Amino acid sequence: MKWVFATGNKHKVQEIRPLLPAGMELLSLRDIGCDEDLPETGSTIAANSLEKAVYVREKYGYPCFAEDSGLVVPAIDGEPGVYSARYAGTGDAGDNIIKLLARMRGVDDRRAYFVTVFTLAGDGSLEQFEGRADGEITLIPAGEGGFGYDPVFRPKGHDRTFAEMLPDEKREISHRSKAFAQLLIRLKSFENSNKL
């Protein structure tokens, strides 16, 4: 069974692919001939996830799922939130981190959380699944792994940032994995019932 993961981010595909059951083939946007930027005009993470899934399903005709993720820091009015990927205006992860740490200079409450929302566009219905990882923003970046804000996000109950963890360690506790675990149950039900 083939599903399209509607993302242009190869890191996200690499995180998800090992979690798929045998026999389920994951196609990328490139695999289906989509080399355009997907629309993200929503004011929330859930809205952006929905918009991307509907766009790919309607334009390319493949059953698909899309996701949108963001880092939320309550002490700075929920920034960067829906603008996480382009927070600094350059699309560069390093620039985003620099801006975030500058915004948090002198801020004592460093609590933060990552949130991911997957939208499944399968048999004509649309379903959403959310995952969250709580933690805090570190004073300085640490670690070479991961991507995005991982070097400055230390998950709750741990003494290392996401970027300092091995991929399998991060996958066990990440917001994306939590949301995808819910999505995967639904994908398996499609596979079992051959609805598509």
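Can you tell me which residue within segment 46-70, out of those that are of a type in the set (Phe, Trp, Tyr) and within 19 Å of the chain's Cα centre (by Cα), is least open to solvent (accessible area, probe 1.4 Å)?
Phe65
Failed condition for Cys34, given (1) open to solvent by less than 20 Å² (accessible area, probe 1.4 Å); (2) within 25 Å of Arg86 (Cβ to Cβ); (3) outside any loop (DSSP other than H, G, I, E, B), with all others met?
Just one mismatch for Cys34, condition (3).
Considering only residues that are more than 18 Å from the chain's Cα centre (by Cα) and either surrounded by 14 or more Cβ atoms within 10 Å (Cβ to Cβ) or at pLDDT below 95 (or both), which ones fall in segment 159-184?
Correct list: Arg160, Glu164.
Any chance you could count how many residues in segment 107-130 are at pLDDT below 95, part of a loop (DSSP other than H, G, I, E, B) and either open to solvent by 40 Å² or more (accessible area, probe 1.4 Å) or more than 20 Å from Ala179 (Cα to Cα) (or both)?
The number of residues fulfilling the criteria is 3.
Kindly indicate whether Leu120 is aliphatic (A, V, I, L, M) and in contact (Cβ under 8 Å) with a residue 40 or more places away in the chain.
yes
Restrict the check to segment 185-193 and report whether at least one residue is over 23 Å from Ser84 (Cα atoms), over 14 Å from the mean Cα position of the chain (by Cα) and of a type in the set (A, V, I, L, M).
So far as segment 185-193 goes, yes, one or more of its residues are over 23 Å from Ser84 (Cα atoms), over 14 Å from the mean Cα position of the chain (by Cα) and of a type in the set (A, V, I, L, M).
Only residues that are within 15 Å of Ile137 (Cβ to Cβ), within 18 Å of the chain's Cα centre (by Cα) and outside any helix (DSSP H, G or I): list them for segment 83-106, please.
Of everything in segment 83-106, just one residue is within 15 Å of Ile137 (Cβ to Cβ), within 18 Å of the chain's Cα centre (by Cα) and outside any helix (DSSP H, G or I), namely Tyr87.
Against the definition (open to solvent by less than 10 Å² (accessible area, probe 1.4 Å), over 13 Å from the mean Cα position of the chain (by Cα) and not acidic (Asp, Glu)), how does Pro80 come out, yes or no?
Taking the combined requirement at face value, the residue satisfies it.
Scanning segment 2-20 for residues that are in a loop (DSSP other than H, G, I, E, B) and open to solvent by less than 30 Å² (accessible area, probe 1.4 Å), which turns out modelled with the highest pLDDT?
Selected residue: Ala6.
Please verify whether Ser49 is under 19 Å from Gly148 (Cα atoms) and part of a strand (DSSP E or B), treating the condition exactly as stated.
The answer is no for Ser49.
Among residues belonging to segment 21-31 that are open to solvent by less than 50 Å² (accessible area, probe 1.4 Å) and touching an Asp or Glu at 6+ places or on another chain (Cβ under 9 Å), point out the one that is farthest from Gly145 (Cα to Cα).
Met24
Provide a single number: the residues in segment 143-157 that are surrounded by 16 or more Cβ atoms within 10 Å (Cβ to Cβ), free of Cβ contacts under 8 Å to residues at least 24 places away in the same chain and not charged (D, E, K, R).
Number of matching residues: 2.
May I ask you to verify whether Gly8 is free of Cβ contacts under 8 Å to residues at least 60 places away in the same chain and over 15 Å from the mean Cα position of the chain (by Cα)?
Taking the combined requirement at face value, the residue does not satisfy it.
The values are calculated or read from the model by the stated rules, or taken from the named source; none is laboratory data. Note that the structure is a prediction, hence the values are computed from the model and not measured. Cβ coordinates were reconstructed from backbone atoms using ideal geometry, including for glycine residues, and neighbour counts include every protein chain displayed. All accessible areas refer to the heavy atoms of the entire protein, side chains included, with ligands and DNA or RNA removed. Shrake-Rupley method; radii C 1.70, N 1.55, O 1.52, S 1.80 Å.
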